[in-house]
Amino acid sequence: MPGPLSGWRVAVTRPHDQAERTAAALRDLGADARVLPLLAVQWCRGPELLAAARAASELDAVICTSANAVRALVAALAEVAAAPPRCCLAVGPATAAAAQAAGWPVQHWPEVATAAALAECVAQGRAGKLERVLYVHGQLAGSALSERLRAAGLDVRAVCGYQTLESAADAAAWQSLLAGAPRLAIALYSPSAVRSLQRQCRLWLSSARPVYVCVGPTTTASAEAAGLWPVYTAAAPSDAAVAALLAGLPRPGGCLSQTE
């Protein structure tokens, strides 16, 4: 019996080790899911991160806005044989799940989907009384979260845990993806992926009519600013939410005129 995603061909553009899991979940639901990473993650191993890992258990909490930040700190803790943090303040269910899998106590609010929203939540005291926190981020993160928390009186130690690097797009694989696909979707997981898609795949996509499934509001904003259309936003940053969104989209020829 065909699955709910039967007939969909989906490009999963997240880093390879994460894309395989997502593609497998979509295939289980009937999609022809292809792993076409546009980015790769490289962990930092500098003295600043290792020193922060040694001190993590002495601070009130660690702040992670992505699962990659959790993985980076887990690796650093293991390298220096340090105790885990007292608590992780997480953005999104994937980040919370990664922290829970590491055995850390977690605070996570379902409605908090961005770093800015988490900063506001913490500044308003919803995480309890905090004085010193560690913020582990990627190299592309801005300073807004740290600045907001410092303005609220917190001592914030911010360290880079990973770098996001562009992966060379496989021309043959992308051309195969685009050949004869009546229901084509491209899943995008970060603004960096949007930028990479535009730089590397713009010409290949010019004659195709994919829908763009974005994970997270910042990714959606980046896709819309880049002129991608139609753009839809998954209800949550999870494989299940991406699948549910695709299952609910119109068939070819239906109305695709509105960003969800």
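Listed values, structure above:
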{"item": "Within the stretch 235-248, tally of residues that are surrounded by 18 or more Cβ atoms within 10 Å (Cβ to Cβ) and either over 18 Å from Ala113 (Cα atoms) or at pLDDT 95 or above (or both)", "result": "4"}
{"item": "So Val41, is it in a strand (DSSP E or B) and more than 26 Å from Leu188 (Cβ to Cβ)", "result": "no"}
{"item": "Residue list for the stretch 117-127, restricted to those being outside any helix (DSSP H, G or I) and either without any contact (Cβ under 8 Å) to a residue 40 or more places away in the chain or among the aromatic types (Phe, Trp, Tyr) (or both)", "result": "Gln124, Gly125, Arg126"}
{"item": "Number of positions in the stretch 184-234 that are assigned to a strand (DSSP E or B) and among the hydrophobic types (A, V, I, L, M, F, W, C)", "result": "9"}
{"item": "Filter result (within 24 Å of Arg126 (Cβ to Cβ), at pLDDT 95 or above, crowded, with 24+ Cβ neighbours inside 10 Å and within 19 Å of the chain's Cα centre (by Cα)) within the stretch 66-101", "result": "Ala69, Val70, Leu73, Cys88, Leu89, Ala90, Ala99"}
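Yes/no per residue for (1) of a type in the set (Asp, Glu); (2) loosely packed, with under 14 Cβ neighbours inside 10 Å; (3) free of Cβ contacts under 8 Å to residues at least 12 places away in the same chain; (4) over 23 Å from Ala94 (Cα atoms):
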site	(1), (2), (3), (4)
Pro2	no, yes, no, yes
Val10	no, no, no, no
Ala23	no, no, no, no
Leu26	no, no, no, no
Leu29	no, no, no, no
Leu36	no, no, no, no
Leu50	no, no, no, yes
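The values are calculated or read from the model by the stated rules, or taken from the named source; none is laboratory data. These numbers were taken from a predicted model, which means no experiment stands behind them. Methodologically, a virtual Cβ is constructed for each residue, glycine included, from the backbone with ideal geometry; neighbour enumeration extends over all protein chains shown.
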